[in-house]
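> One structure follows; several queries about it will come next.
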Amino acid sequence: MNKSYPENFKNNTTWWEDYKNSRDVIDTKGSNVFAVSPIRSEDNKVRLAINSHQPWDGPFAWYEAHVHSEEGWNMAGGLFPGSPVILVGHNENLGWGHTVNAPDLVDIYELEIHPENPHLYKFDGDWKLFEAKMVPIKVKLLGPLSWTFKREVLWSVHGPALRGKYATYAMRYTNYEDIRVIEQWYRMNKASNYEEWNAAMEMAAIPMFGTGYADKEGNILYLYNAKLPIRKEGYDWTDVLPGNTSEVVWDDFLPFENLPSVMNPSSGFIQNCNNNPFFTTTGSSNPKKDNFSDTFGIENRMSNRAYRALELFGNDPSISGKDFEDYKFDTRYSENSYMSRFVERLISISKDFKDERLKEGVEILKSWDKNTDIENKYASLPIISFGWFMETDPEEVSDETLVESFTYAVKYLYNHYGKLDVIWGKVNRLVRGTLNLAINGGPDISRAVYGIPTENGIIKGYAGDAFLMLVEWDTNGEVNSRSIHQYGSNTQNSTSTHYSDQSKLFVEQKLKPVWLDLQSVKENVERIYSPGNSQ
């Protein structure tokens, strides 16, 4: 285990760079949604936390908006630039948040091609003809010059087909013929009660995304939203399937009303943090895993965020508004988390270490309380060591890889700080324009921050906790909400005052009011634009 590692962490040959290139760690995903009903609330209010995690920059960074029309559309929340509807948020009566789930919605088939005619493939003992046509593809070459190429596209009974170098494959996807996604979100935006919102969800045009819901009537819900194909047992649906039999070509789906869901549980709360739906709450209200075939591909994983939500909400019989906010901003790793398991494993195999700095690092791990608060001087080493693995089952990470990553982290901290007990806020940073701010949290923390080690010794956040809304309805059905964005309302123009004006509030875990009624909006507006006139 005494390998030689490069001293220069500024080049592109470090172990971490190799690891980053071999695994798409930049594509870390995660989301939280929490809801508490009046039976669990200290003041009988309904509360909802809308907290979908996304990259902090780029086309999939959250943008906050409020839509108000004279036809009953009054919705505040988050969307991606270009969306014509709010994707997560609330109106006067109800609200919802999404979390990424991972059902098996796609199958790949290897087709048996006729030895003499490449346009024929075998299916149920017969040779079938591909649907084929030539499509124009316009390619820009240089300046105003372009050229239109024509390429053959194929369609089989399974779906679109593609010729490879050694084989021809076809794909089947649950919703490739349904284009009503925006219509469904629009109907959800316009819904005024649970029945209307649920009718929109029954469209199943949005083929995935777990969904947490709450409304002014006191209803709370978690729905494992997915369009799940009903597949034949006995096949490995995670592998490439034989394309020559109709046994693996599905057309039916699990009915919407049979999806895993938890509606108004006796526990009085729901949560989902990209975990499996069979641990949505405490008590007996969870769906039963045995009722759902393995062919659906419903994930089994429990995230740290889910463990912590169940520990916090599940052990508090009377949740106040402050409790609700504190639990959303939780900064600790559960003893059941992947992080805890990686730390324990590294400590258990450290008896072979000879290097004094590695031994010192082990003592840091032993002293860590699993918290990621800004002043924590033991958090930097374990997070730099194991933060990359929060999406990976510990069984799939070898001891050698753990030691390599731990060694990298020890060297990184010593190279940049000359010590290992570096305060986490000095390392973990939100960088935006001229701002460079300490931030708490970390990978797979409810206060999620995913970052990349940089040449100057900081971990620069790039994704995680981002646009957030905390919504509540009182006993009279009146709504109140607050929100925050990691940067501001102008995500593109660096000269705008709103390019980073929310960042300081964001790192301090503070929120701003959301004005939903039109009069309040007008009283707090900065500028008004109208056709032919602006103020």
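The values are calculated or read from the model by the stated rules, or taken from the named source; none is laboratory data. Model, not experiment: these values are computed from the prediction. No Cβ is skipped: glycine too gets one built from the backbone with ideal geometry, and neighbour counts run over all protein chains shown. Heads up: the accessible areas ignore ligands, DNA and RNA and are worked out on the full protein's heavy atoms, side chains in. Shrake-Rupley method; radii C 1.70, N 1.55, O 1.52, S 1.80 Å.
> Tell me the net charge near Asn428. Cut-off is 13 Å between Cβ atoms, Asn428 excluded, with +1 for each Lys or Arg and -1 for each Asp or Glu.
+2
> Let me ask something additional. Determine which lysines satisfy two conditions relative to Lys512: a Cα distance under 25 Å, and not lying fewer than 8 residues away in the same chain.
Candidates past the 8-residue exclusion: Lys45, Lys190, Lys216, Lys322, Lys328, Lys460, Lys504, Lys522.
> OK, next. I'd like the distance separating the alpha-carbon centroids of region 421-440 and region 49-92, in whole Å.
28 Å
> Sticking with the crude label model, points 7 Å out along Cα→Cβ, report the distance from Lys510 to His66 in nm, one decimal please.
Roughly 2.0 nm, to one decimal.
> If you don't mind, there's one more thing I want to ask. For Lys133, give me every one of the lysines with a C-alpha distance below 21 angstrom, ignoring sequence neighbours fewer than eight places off in its own chain.
Lys122, Lys150, Lys165
> Separate question: Please report the relative contact order for region 197-303, taking Cα pairs under 8 Å with a sequence separation of at least 6, and give it as a percent rounded to a whole number.
25 percent.
> Express in Å², to the nearest 10, the accessible area of Asp290 obtained by rolling a 1.4 Å probe over the protein heavy atoms while all chains stay in place.
150 Å²
> Still on this structure, I have one more. At 1.4 Å probe size, put Asp252, Asp43 in order of accessible surface, largest to smallest.
Asp252, Asp43
> Taking region 213-258, which GluC sites (Glu not before Pro) meet the DSSP loop condition and have no more than 16 other C-beta atoms within 10 Å?
Listed in order of number, the matching sites are Glu217, Glu233.
> Mind checking which lysines have their Cα closer than 26 Å to the Cα of Lys351? Skip sequence neighbours fewer than 8 apart in that chain.
Lys3, Lys359, Lys366, Lys370, Lys377, Lys411, Lys419
> Okay, next question. Might you work out the accessible area of Trp155 for me, using a 1.4 Å probe with all protein chains in place, and round it to the nearest 10 Å²?
Probe radius 1.4 Å; accessible area of Trp155 about 100 Å².
> Note down the accessible area of Arg163, probe 1.4 Å, to the nearest 10 Å².
Ignoring ligands and nucleic acids, Arg163 comes out at about 90 Å².
> Rounded to the nearest 5, what % of the DSSP beta bridges within the chain are antiparallel ones?
Rounded to the nearest five, the antiparallel share is 95 percent.
> Sticking with this one: Which whole-number percent is the relative contact order of the chain (Cα, under 8 Å, 6+ apart)?
17 percent
> What is the sum of charges around Tyr173, taking Lys and Arg as +1, Asp and Glu as -1, for the other residues whose C-beta is under 12 Å from the C-beta of Tyr173?
Around Tyr173, the surrounding residues sum to -2.
> Something else about it: Using 7 Å Cα-to-Cβ label points, what is the Arg180/Ser293 separation (nm, one decimal)?
2.4 nm
> Just add up the charged neighbours of Lys128: K/R +1, D/E -1, any other residue whose Cβ is under 14 Å from the Cβ of Lys128.
Net charge in that neighbourhood comes out at -3.
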